[in-house]
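Here's the structure, in structure tokens; my notes come after.
No lab work stands behind these numbers, since they all come straight from the coordinates. Treat the numbers as computed from the prediction; the structure is a model and nothing was measured. Cβ: placed from backbone, ideal geometry, glycine included. Neighbour counts: every protein chain shown.
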Amino acid sequence: MTDPRLVRALIAAAAAENAAVYGYSVAGARLAASDKGVARTAYDAHRAQTLVITQWLAQASATPDPDAPVYQLPSPVTDASSARAALVSIEESTAAAYADVIAAADAPLRRDAALALQLAAVRAAIWRDRAVPFPGLAGRLGL
Amino acid sequence: MPKEASLTRRSALQLLVLAAASATAGCRSGTQQATPAAPATGATPSRPPGSVAAPSTRTTAPAASTPAAPATTTNASARATLADPTAQAAATSERALVAAYDDAMRAHPDLATALGAVRADHVAHLKALNPDLVLSPAPVPSSTGSPTAPASPPASPPAATVLAVVAMLTDLETRAAAARLGDMATATGSLAALLASIGGCEAAHAATLVTALASP
């Protein structure tokens with residue numbers, strides 16, 4: 001039977017990805033025009049990832065929590081710069097959720113989750129204009 | 001900032017695609033890719049001031065503080081011991097990366113600030129992998145570059161243009177990010193999360209180095 005810790009981490013990751021989809025749909029509207037293409041690509045990536053995690057959960061004989069209609073944004077979004085700041089937090093939360101999956105998972109899933117963490121870290125760095133040494137590590141829930 | 005920033009961001013995204021593809025391709029070849037510009041080990045009597053302690057000769061220099069090195073995370077899960085061979089392999093790779101940035105900073109003092117910020121991330125990685133490690137400080141831009149230094153690794157000839165240096169470092173970061181995926185395979189849970197996070201940082205470096213080094 002699947003490790004319950006892994007199931008909890010996967011459900012949290014699915015929630016993080018759903019929140020990211022919502023966050024991009026709200027913050028994306030406030031971004032500078034030159035940033036919208038990047039945001040659109042990221043939005044698509046998060047949407048695709050929700051489906052991937054649903055498959056992971058199915059393999060673990062579990063189902064994600066239903067997608068909420070509205071999520072809490074990590075910080076208020078009023079203009080382009082606050083939109084970018086919110087997207088940094090969203091990507092950091094996503095990376096942290098994958099870090100929890102990695103800690104609980106075995107090889108193939110761990111690898112896929114690590115690739116997803118890398119992509120979240122890259123997007124966070126793009127919105128932040130710089131990298132941080134340990135993306136996703138501070139925000140781990142430690143499930 | 002908008003116009004130029006958008007262009008560089010676009011190139012960053014292209015790099016990201018390349019990085020992802022390369023990470024995928026490099027996955028199975030694992031750690032042997034991780035030490036491209038391996039630093040000369042401590043055999044030379046006159047080591048340049050910024051060189052990194054070789055694995056076998058962990059320096060006992062009295063607290064040579066690393067400038068601008070962010071505090072290592074206090075998260076207990078970010079602690080690893082070098083007794084773990086997986087952490088050791090990753091630390092070797094990180095050491096080579098620090099050395100590559102040392103070389104680049106010596107070759108391009110004008111980029112020292114931007115390069116130093118990225119180097120500091122790798123120093124933080126090393127410290128997380130081995131909390132006891134003491135590193136030499138980064139090369140000081142204004143210092144007289146020691147002409148007696150032994151030949152640099154072939155990957156970074158002194159006359160390399162800025163663009164070539166950025167390309168080389170981007171390649172190293174991409175390979176490192178891929179190598180962390182390999183390191184992770186045999187690690188315990190919390191070490192795997194640490195290695196994955198380090199790989200995330202390296203993927204982010206690969207995607208943003210062009211922007212970071214192009215900005216004033």
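Applying 1/(1 + (r/R0)^6) with r as the Cβ-Cβ distance of A:ARG5 and B:VAL140 and R0 = 35 angstrom yields a FRET efficiency of 0.15. Summary value for chain A: 30 percent relative contact order, contacts being C-alpha pairs under 8 angstrom separated by 6+ residues.
Label sites at A:ASP67 and A:THR41, each approximated as a point 7 angstrom past Cα along Cα to Cβ, lie 2.3 nm apart. Projected over every direction and averaged, the convex hull enclosing the alpha-carbon atoms of segment A:4-141 yields 7.7 nm².
Placing pseudo-labels 7 Å out from each Cα toward the beta carbon at A:ALA33 and A:ALA80 gives an inter-label distance of 1.0 nm. Near B:MET168: Cβ cut-off under 15 Å, other residues only, Lys/Arg at +1 and Asp/Glu at -1. The net charge is -2.
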